[in-house]
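Trainee: Below you will find the structure I want to go over with you.
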Amino acid sequence: MPRVEFNRDIRPILSDNCFTCHGPDERQRQVNLRLDTREGIFTDRGGYWVIAPENPGESRLLQRISADTEAQRMPPSWSGKELTRDQIDLIRSWIEQGAKWRQHWAFSPLQQPQLPPVGATDWPRNGIDYFILVRLQREGLKPSPEADRATLI
């Protein structure tokens with residue numbers, strides 16, 4: 001299975017199905033469990049782990065979302081939410097792959113991307129031009145000549 005990314009694949013599942021009861025709103029939070037923080041997911045909860053990286057069988061979250069009985073299964077039926085088999089399998093794969101947590105992208109510092117190598121280094125004037133030129137070259141195209149001032153007006 002391809003690499004499962006927390007922010008792309010897992011966070012949306014948890015956000016849509018679990019954060020109502022196990023998210024940032026402490027008035028709505030159930031059993032003092034937060035699934036929106038690293039500490040909430042990876043803290044020893046008195047003999048069990050919500051997520052045990054590389055060990056799906058010991059991960060209480062996986063046990064609860066895949067439980068056979070409705071009384072044990074999360075999210076509860078009264079919530080009107082239900083995880084699909086594909087979503088459960090994706091969470092299982094994430095745990096098997098080490099359950100790498102990533103902070104939400106909005107809280108991560110910006111990083112300047114590496115400029116891609118291009119054939120014609122005289123054409124790009126700024127960083128964006130490098131990305132445009134790579135795409136043009138991939139499509140077998142060349143940049144148009146620069147328009148004169150009258151045409152631009």
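The values are calculated or read from the model by the stated rules, or taken from the named source; none is laboratory data. Note that the structure is a prediction, hence the values are computed from the model and not measured. Don't worry about glycine lacking a Cβ; one is built from the backbone with ideal geometry, like all the others, and counts go over all protein chains shown. Ligands, DNA and RNA are stripped out before the accessible areas are found, and what is left, the full protein with its side chains, is counted by its heavy atoms. Shrake-Rupley method; radii C 1.70, N 1.55, O 1.52, S 1.80 Å.
Trainee: With angles folded into 0 to 90 degrees, how steeply does helix 127-138 sit against the dominant principal axis of the chain? Use alpha carbons for both and round to 10.
Mentor: 90 degrees
Trainee: Kindly identify the stretch 1-52 as rounded, prolate or oblate by the Cα gyration tensor criterion: order the square roots of the eigenvalues as a ≥ b ≥ c, call it rounded if a/c is under 1.5, otherwise compare a/b with b/c, prolate if a/b is larger, else oblate.
Mentor: Judged from the Cα gyration tensor, the stretch 1-52 comes out oblate (a/c at least 1.5, b/c at or above a/b).
Trainee: Once neighbouring chains are kept in place and the probe is 1.4 Å, which whole percent of the accessible area of the chain is contributed by carbon and sulfur?
Mentor: On the chain, the fraction of accessible area on carbon and sulfur atoms equals 50 percent.
Trainee: Let me ask something else. Counting Lys +1, Arg +1, Asp -1, Glu -1, what net charge surrounds Asp44 among other residues with beta carbon under 15 Å of its beta carbon?
Mentor: +2
Trainee: Now for a separate question. Run the numbers on the chain and let me know its relative contact order in percent, using alpha-carbon pairs under 8 Å that are six or more apart.
Mentor: Answer for the chain is 19 percent.
Trainee: If you count only protein heavy atoms with a 1.4 Å probe, what accessible area per residue comes out for the stretch 57-130, rounded to a whole Å²?
Mentor: Accessible area per residue, the stretch 57-130: 73 Å².
Trainee: Could I ask something else about it? Name the residues whose placed amide hydrogens come within less than 5 Å of the amide hydrogen of Trp49, ignoring near sequence neighbours (fewer than 5 apart) on the same chain.
Mentor: Arg60
Trainee: Oh, and also: Calculated from DSSP H runs of 4 or more alone, at -39500 (n - 2.57) each and per residue, what is the 222 nm mean residue ellipticity of the chain, nearest 500?
Mentor: -8500 deg cm²/dmol
Trainee: Continuing with this model, one more query. What is the helix-to-structure angle for 85-96, meaning the angle in degrees between its Cα long axis and the longest Cα principal axis of the chain, kept from 0 to 90 and rounded to the nearest 10?
Mentor: Taking the Cα atoms of the chain, the angle to 85-96 is about 90 degrees.
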